[in-house]
Amino acid sequence: MTNFAQPALRAFAVRDGDEATGRKSFWREIGAAWTTKGGHIRLKLDALPPDGVVMLLDDARSAKKPSRKSSKKAAL
């Protein structure tokens, strides 16, 4: 079944950052979700996260691209 409507949610796999090493968190979009007529959520994943955790963000929020500059770099 193909759904041409815009997804209600976007699915992300998140790798946590590490302040000690300076590694930033990394968010990779791995799928999307739609609300069905029955009120259920249909999730389509293009990949599976290695730790099994999926973060779902509403489509409007996930459309905003985070700034590449960190607050530490901006202060320097």
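Read-outs throughout are calculated quantities, based only on the coordinates presented, and are distinct from any laboratory measurement. It should be emphasised that the depicted structure is a prediction, and the values quoted were computed from it without experimental measurement. Neighbour counts are summed over all protein chains in view; Cβ atoms, including those assigned to glycine, are modelled from backbone coordinates with ideal geometry.
In angstrom, the C-alpha Rg and Dmax of region 9-63 are 13.3, 47. Among the chymotrypsin sites (Phe, Trp or Tyr not before Pro) in region 1-59, those located in a DSSP loop and surrounded by at most 14 other Cβ atoms within 10 Å of their own Cβ are Phe4.
Relative to the current alpha-carbon distance between Arg15 and Lys44, full extension at 0.36 nm per residue lengthens the span by 8.4 nm.
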